[in-house]
Every structure is written in C-alpha cells, then in structure tokens.
Amino acid sequence: MNKKFREELVQRAIGAKLNSYSPYSKFRVGAAVLTDDNIIFSGCNVENASYGLAICAERNAIFQAAHAGKRKIVAVAVSSDEKGFITPCGACRQVISEFADGKTEIILITSEGKTKSVQFEKLFPTPPKLEKLKK
Ligand code: THU
C-alpha cells in the first residue's frame, strides 16, 4: 500500500482509540479501515454494563464503512495501549473476511507507535465458504 495512506490509516486508528468507551476493561482500542476507493473509516471499542454487548474497534470501523456503502476493505489498522502487538479477535476476523480478501493488509500498532503488517490470510487462513447464502 501507498506509504501516505498507510501513515494516515495508522494515525486514524491511534486517534480513534482516544474515544474508546471502555470503563469496564480499561482496554482502549482504535481501528481504521481503508476502502478500495481510498476512503478511511475509523472506530473504537464501545462497552456496556451488560458486558457481552461490547463491540470491538475493528467491527465498529468496518460497520461505519459498510454503512457508507463501502463493500471492499484493502487495509485495517489496530491500535491499543499494549506494549506488544494485539491482533483482531475471532469475531472481528470473521467480520473482516466479509469485506476483505486474503491479501488485505492488517497493520498492528503498539502503544509506542511501532507497526507491523500481517496479511489477512495469515490470521484467517480458512474462512468458512458461505457465499451461497447470498443467492
Ligand atoms: N477489543 C477490541 O476492540 N479489539 C481487539 O482486537 C481486542 C479486544 C476490545 C473489546 C473489549 O472492549 C476490550 O477490548 C477488552 O477485550
């Protein structure tokens, strides 16, 4: 991916983390997604007193993009306050797979701003084949 878009995506993920609503876990996460027409959407995790209703930052960002009519995601960036790299949870991997392909770049960002890229197929090598449900 273009260096300028990559840097912008990273900054948007870090920025989205600032709005994390996570009073229960105190675990702030921000995410940003780049669509195939080069638009960036971001999201943070939003928790609830009924704990199971929390939504992850990644899904929040993807749903923002979907709501704007976007259907193809070419990169996802994820920021947290951890010193190490965190990767999207299983539920988010499934949701990413709806709008991504194996080559989609997943950019992981540490609390100190270090980044690392992983191809989505490494994180989700065997997506369920459910395309026929669309017909
Ligand atoms: N969380 C995310 O938003 N994304 C991840 O990749 C990992 C987990 C959120 C869910 C919950 O609000 C908090 O982090 C602790 O699990």
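Considering only the stretch 67-96, state which residues are closer than 20 Å to GLU8 by Cβ and either among the β-branched types (Val, Ile, Thr) or at pLDDT below 95 (or both). If the condition is that a residue be closer than 20 Å to GLU8 by Cβ and either among the β-branched types (Val, Ile, Thr) or at pLDDT below 95 (or both), then ILE73, VAL74, VAL76, VAL78, ILE96 are the ones that fit.
Each residue in the stretch 105-127 was checked for being open to solvent by less than 30 Å² (accessible area, probe 1.4 Å) and either in contact (Cβ under 8 Å) with a residue 60 or more places away in the chain or under 18 Å from GLN64 (Cα atoms) (or both), and 3 of them qualify.
Look at the stretch 50-65: where a residue is basic (Lys, Arg) and a partner is near the ligand (Cβ under 8 Å from one of its atoms) and outside any loop (DSSP other than H, G, I, E, B), sitting 6+ places away or on another chain with Cβ atoms under 7 Å, you get ARG59/CYS92.
Applying the criterion of at least 1 residues that are farther than 29 Å from THR126 by Cβ and open to solvent by 40 Å² or more (accessible area, probe 1.4 Å) to the helices (runs of 4 or more DSSP H) found wholly in the stretch 1-100 leaves 3-17.
Return the residues of the stretch 65-85 that are of a type in the set (Val, Ile, Thr) and under 25 Å from SER25 (Cβ atoms); say none if nothing qualifies.
VAL76, VAL78
The values are calculated or read from the model by the stated rules, or taken from the named source; none is laboratory data. Keep in mind that what you see is a predicted model, and the values were worked out from it rather than measured. All Cβ positions, glycine included, derive from the backbone under ideal geometry; neighbour counts span all protein chains shown. Accessible surface is based on the protein model in full, side chains and every heavy atom, while ligands, DNA and RNA are left aside. Shrake-Rupley method; radii C 1.70, N 1.55, O 1.52, S 1.80 Å.
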